[in-house]
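In what follows, a single structure is set out as structure tokens and then discussed.
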């Protein structure tokens with residue numbers, strides 16, 4: 001049965017390709033500091049503080065979806081970063097500066113979504129974000145520990161985004 005040998009070889013090649021693809025994916029995530037990283041905490045690098053007062057680009061991504069329509073990309077002026085009790089910077093907030101954008105003048109509260117060591121330039125993270133008309137008093141708690149069930153119900157929309165230096 002010559003066909004059986006050929007099918008068997010094809011199956012083994014498919015398994016090998018699948019194994020290599022999984023290995024490459026793991027390696028990529030480890031290199032990027034993603035969820036498979038051995039880094040003990042999720043944190044923004046110390047140089048991220050240099051961007052307070054600067055314009056950052058927020059690029060909403062689908063992730064698990066948005067609570068309302070996914071907004072278009074926008075610029076945000078970074079106002080503050082927030083560290084947890086151990087000193088790891090977990091997130092922060094900024095003001096949307098995008099004339100003509102639906103959320104111009106609103107506030108963004110963001111929190112790291114994956115483990116790893118991230119920054120705003122060459123190792124850009126995925127964040128859980130919420131957009132608010134007014135900055136909630138609890139923004140520090142949201143930035144450190146993004147828990148959807150504990151969000152103030154005053155948000156306009158929540159979802160996922162990448163945040164980096166504005167072009």
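The values are calculated or read from the model by the stated rules, or taken from the named source; none is laboratory data. Being a predicted model, the structure only gives us computed values, none of them experimental. Cβ coordinates were reconstructed from backbone atoms using ideal geometry, including for glycine residues, and neighbour counts include every protein chain displayed.
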Checked segment 145-163 for anything under 12 Å from residue 129 (Cα atoms) and part of a helix (DSSP H, G or I); matches are 148
Which residues, counting only those in segment 50-65, are closer than 16 Å to residue 93 by Cβ and assigned to a helix (DSSP H, G or I)? 51
Are any residues in segment 90-110 surrounded by fewer than 22 Cβ atoms within 10 Å (Cβ to Cβ) and in contact with a helix residue (DSSP H, G or I) (Cβ under 9 Å, 6 or more places away or on another chain), and if so, which ones? 107
Single residue of segment 126-137 satisfying the filter (closer than 9 Å to residue 109 by Cβ and more than 14 Å from the chain's Cα centre (by Cα)) that is surrounded by the most Cβ atoms within 10 Å (Cβ to Cβ): 131
Just to check your reading of the model, which residue among 47, 69 is over 21 Å from residue 160 (Cβ atoms) and either at pLDDT 50 or above or not in a loop (DSSP other than H, G, I, E, B) (or both)? 47
Note on residue 80: of the conditions (1) closer than 19 Å to residue 42 by Cα; (2) modelled with pLDDT under 95; (3) over 14 Å from the mean Cα position of the chain (by Cα), unmet is (2)
